[in-house]
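The values are calculated or read from the model by the stated rules, or taken from the named source; none is laboratory data. All figures in this text were calculated on a predicted structure; none of them were measured in a lab. Glycine also receives a Cβ, built like all others from the backbone with ideal geometry; neighbour counts cover every protein chain displayed. SASA here: full protein model, heavy atoms, side chains in, ligands and nucleic acids out. Shrake-Rupley method; radii C 1.70, N 1.55, O 1.52, S 1.80 Å.
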Amino acid sequence: MLLRYLIVKFSDVLPGGSADAKLLVSFTAVIGIVIAAAFICNNRGHLKSPWALSKRKKALSTEQWRLLFTPEGKFHDGGVRFLKTVRRGGVDPGIRAEVWPFLLGVYELNSSEEERRKLRTKKRKEYGKLRRRCQQLIEFNNNLKVNEVSVAKKSGNDKRHNHVMGSADSEEVCSRESPRKEMNPSADYSDDISSALLEKDAASRTATVANTCKTESVKSDSNSDSSVERSQTFTSTEGTKKKALEVTSKENVSNTEIQLKFTKKEDFITWQQIIRVDAIRANREWIPYSPTLAAVSNERARSLAEAVGLKEYDNLEPCMIFHAARLVALLEAYCLYDPEVGYCQGMSDLLSPIITVITEDHDAFWCFVRFMKKARYNFKLDEVGIKRQLSKVSMIIKCKDSQLFHHLEMLQADDCFFVYRMVVVLFRRELTFEQTICLWEVMWADQAAIRAGIGYSVWSRIRHLALPTEDLLLYAVAASILQRRKLIIERYSSMDEIMTECHSMAGHLDVWKLLDDAHNLVFSLRDKVETPF
């Protein structure tokens with residue numbers, strides 16, 4: 001069309017049949033072909049990504065959300081329009097608590113309102129059981145502590161026993177040093193992550209802490225965790241307390257069964273200690289996005305903290321105490337739900353936005369569980385999942401920019417370990433709170449489309465536009481590095497320098513530009529770096 005327009009235009013202007021006219025028409029034709037080819041390459045035949053400036057839409061609004069459902073509470077079209085809208089612009093903050101369970105798969109897209117109501121009731125009870133099991137473990141360790149003290153007192157006149165106990169105490173003092181130094185509550189969390197990156201053993205550090213601080217964690221946490229949860233956001237009751245006390249008063253058989261479930265991989269008490277340190281360190285970014293939680297009373301916050309045995313929070317304001325207590329409760333429950341993973345630093349970063357948006361703990365917990373269904377591989381000790389993702393980022397860069405990849409090879413950084421933090425906590429440290437949520441919503445919408453099997457049927461006619469991918473995050477990570485290719489090639493001569501540059505991205509990224517660039521990579525490299533959808 002462009003070529004035809006140019007030919008006709010010049011034919012009308014110049015005298016017909018002249019040599020000049022023919023020359024100009026020929027020249028115009030060549031230029032037109034070049035322009036048309038460039039236009040197709042740059043704009044994918046008019047099919048821009050959903051995040052390009054000219055295509056970007058507004059977030060899913062409350063009015064749009066209500067109109068998507070039938071009277072029975074089902075999506076009119078199986079959720080297709082819903083996912084398309086979210087993928088283009090995210091979700092309005094006012095309805096995120098309603099929308100996220102659909103995006104994360106807590107609710108099926110074809111479920112009815114009644115089905116969701118029943119499921120929610122069931123999931124509330126399941127979460128309550130997990131919290132009661134947490135309480136039983138706490139009571140068991142309290143009881144064990146009391147028994148140890150009692151035995152020590154009765155054996156006070158036995159010199160031989162005193163000598164043995166003295167040795168044990170010495171060992172306890174030694175084991176106490178490392179965890180205190182390792183998990184300094186006053187340290188900046190990002191420094192912990194950076195240290196893990198430089199040493200390339202972020203996951204194994206958790207195992208080391210588990211071996212060195214077991215004795216101290218029992219000593220420091222047992223006395224602080226005996227109180228029963230009192231807030232309505234937790235499910236323990238007086239009946240629960242009675243049941244827990246009955247369990248701890250029985251023979252050691254039942255208690256041992258409870259404990260053994262959580263000592264096969266890592267010790268629950270060790271996870272508990274690390275969780276509390278991380279919860280106290282949580283940042284304040286979420287406060288402007290949740291006025292209700294930010295205005296929590298001091299009495300309610302401290303009551304909740306006491307319920308989960310949280311201590312050393314005197315320097316925190318009520319809303320931060322309340323936030324930390326919720327993190328503790330949900331992360332402890334997750335340790336029991338998924339003992340293979342348990343808890344590692346960084347998981348609190350993923351949970352924090354969820355509990356900011358979703359105020360009911362049982363709802364937030366199951367959203368977190370669904371989120372972790374994929375993200376859990378970032379925190380497994382074998383590191384297979386994280387290595388696979390880093391390898392894919394490396395492959396994307398290699399296919400897109402051979403010059404940059406060759407430079408990384410020379411620096412022995414072609415394994416892309418410098419983006420470790422971005423991958424592990426899903427850009428949580430590089431983007432603002434709101435930007436992180438927007439990225440996650442688009443990513444969840446992609447994954448929801450694939451889960452529901454509607455990706456190909458809906459997007460097949462416009463497959464070059466925005467075909468969903470499970471690994472949108474990895475394309476975004478690669479895009480963030482490619483945006484700085486010139487700087488990396490010309491200035492940096494070590495992986496440490498590149499890593500410093502990656503950390504300096506925090507607060508300076510445009511999430512929608514990042515998504516647009518990520519889409520360009522999906523469009524051009526998808527068939528080369530992953531199995532076709």
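Whether any residue in region 415-430 is outside any loop (DSSP other than H, G, I, E, B), without any contact (Cβ under 8 Å) to a residue 40 or more places away in the chain and hydrophobic (A, V, I, L, M, F, W, C) is what I want to check. Spell out the reasoning first.
Going through region 415-430, the residues outside any loop (DSSP other than H, G, I, E, B) turn out to be 417-424.
In the following step, the residues that additionally are without any contact (Cβ under 8 Å) to a residue 40 or more places away in the chain were identified as none.
Within region 415-430, not a single residue is outside any loop (DSSP other than H, G, I, E, B), without any contact (Cβ under 8 Å) to a residue 40 or more places away in the chain and hydrophobic (A, V, I, L, M, F, W, C).
In this structure, is Ala307 in contact with an Asp or Glu (Cβ under 6 Å, 6 or more places away or on another chain), at negative phi and not acidic (Asp, Glu)? Reasoning before the result, please.
Working: in contact with an Asp or Glu (Cβ under 6 Å, 6 or more places away or on another chain): yes; at negative phi: yes; not acidic (Asp, Glu): yes.
Considered against the rule, which asks whether it is in contact with an Asp or Glu (Cβ under 6 Å, 6 or more places away or on another chain), at negative phi and not acidic (Asp, Glu), Ala307 comes out as yes.
Considering Leu525, Leu521, Leu515, which residue is under 14 Å from Val393 (Cβ atoms), modelled with pLDDT of 90 or more and open to solvent by less than 40 Å² (accessible area, probe 1.4 Å)? Break it down stepwise before answering.
Values: Leu525 fails: modelled with pLDDT of 90 or more; Leu515 fails: under 14 Å from Val393 (Cβ atoms).
When all the criteria are applied, what remains is Leu521.
Out of everything in region 464-499 that is at pLDDT 90 or above and polar (S, T, N, Q), what residue ends up being most open to solvent (accessible area, probe 1.4 Å)?
Looking at the filtered set, the residue picked out is Gln483.
So that you can scan it fast, the table gives a plain yes or no per residue for (1) assigned to a helix (DSSP H, G or I); (2) at positive phi; (3) out of contact with any strand residue (DSSP E or B) (no Cβ under 6 Å at 6 or more places or on another chain); (4) at pLDDT 95 or above:
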| site | (1), (2), (3), (4) |
| --- | --- |
| Trp366 | yes, no, yes, yes |
| Phe371 | yes, no, yes, yes |
| Lys374 | yes, no, yes, no |
| Leu381 | no, no, yes, no |
| Arg388 | yes, no, yes, no |
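Would you point out the residue of region 444-463, among those that are open to solvent by 40 Å² or more (accessible area, probe 1.4 Å) and at pLDDT below 85, that is nearest to Leu408 (Cα to Cα)?
Arg463
Could we say that Asp510 is under 21 Å from Leu431 (Cβ atoms), under 21 Å from the mean Cα position of the chain (by Cα) and surrounded by fewer than 17 Cβ atoms within 10 Å (Cβ to Cβ) here?
Details: under 21 Å from Leu431 (Cβ atoms): yes; under 21 Å from the mean Cα position of the chain (by Cα): yes; surrounded by fewer than 17 Cβ atoms within 10 Å (Cβ to Cβ): yes.
When the stated conditions are applied, Asp510 passes them.
Out of contact with any Lys or Arg (no Cβ under 9 Å at 6 or more places or on another chain) and surrounded by 17 or more Cβ atoms within 10 Å (Cβ to Cβ): does that describe Phe405? Break it down into steps so the answer makes sense when it comes.
On the way: out of contact with any Lys or Arg (no Cβ under 9 Å at 6 or more places or on another chain): no; surrounded by 17 or more Cβ atoms within 10 Å (Cβ to Cβ): yes.
So Phe405 does not fit the description; no.
Looking at Phe69, is it modelled with pLDDT of 90 or more, among the aromatic types (Phe, Trp, Tyr) and under 27 Å from Val511 (Cβ atoms)?
no
Which residue is farthest from His519 (Cα to Cα), if the candidates are limited to region 469-499 and must be in contact with a Ser or Thr (Cβ under 9 Å, 6 or more places away or on another chain) and among the hydrophobic types (A, V, I, L, M, F, W, C)?
Looking only at region 469-499, we keep the residues that are in contact with a Ser or Thr (Cβ under 9 Å, 6 or more places away or on another chain), and these are 475, 478, 492, 499.
If we keep only those that are among the hydrophobic types (A, V, I, L, M, F, W, C) as well, we get 478, 499.
On the way: Ala478: 11, Met499: 24 Å.
Selected residue: Met499.
Those residues that are hydrophobic (A, V, I, L, M, F, W, C) and open to solvent by 20 Å² or more (accessible area, probe 1.4 Å), I need them from region 367-402; list them, please. Steps first, answer last, please.
Filtering region 367-402 down to residues hydrophobic (A, V, I, L, M, F, W, C) leaves 367-369, 371-372, 375, 379, 381, 384, 386, 390, 393, 395-397, 399.
Of everything in region 367-402, those that are hydrophobic (A, V, I, L, M, F, W, C) and open to solvent by 20 Å² or more (accessible area, probe 1.4 Å) turn out to be Leu381, Val384, Met395, Cys399.
As an exercise: evaluate Val146 against (1) at pLDDT below 95; (2) surrounded by 15 or more Cβ atoms within 10 Å (Cβ to Cβ); (3) outside any loop (DSSP other than H, G, I, E, B) and give the number of the one condition it does not meet.
The one condition Val146 does not meet is (2).
Just to be sure, is Val341 farther than 18 Å from Ile280 by Cβ, at pLDDT below 95 and aliphatic (A, V, I, L, M)? Full working, then the answer.
On the way: farther than 18 Å from Ile280 by Cβ: yes; at pLDDT below 95: yes; aliphatic (A, V, I, L, M): yes.
Taking the combined requirement at face value, the residue satisfies it.
When you look at Ile355, is it crowded, with 22+ Cβ neighbours inside 10 Å and not aromatic (Phe, Trp, Tyr), yes or no?
Details: crowded, with 22+ Cβ neighbours inside 10 Å: yes; not aromatic (Phe, Trp, Tyr): yes.
Yes.
Tell me which residues, restricted to region 265-307, are in contact with a Lys or Arg (Cβ under 6 Å, 6 or more places away or on another chain) and of a type in the set (D, E, K, R).
Asp267
Take the residues of region 271-329 that are surrounded by fewer than 17 Cβ atoms within 10 Å (Cβ to Cβ) and closer than 26 Å to Val341 by Cα: which is nearest to the chain's Cα centre (by Cα)?
Asn283
Can you work out which of the residues in region 330-352 that are open to solvent by 10 Å² or more (accessible area, probe 1.4 Å) and of a type in the set (Asp, Glu) is farthest from the chain's Cα centre (by Cα)?
Glu340
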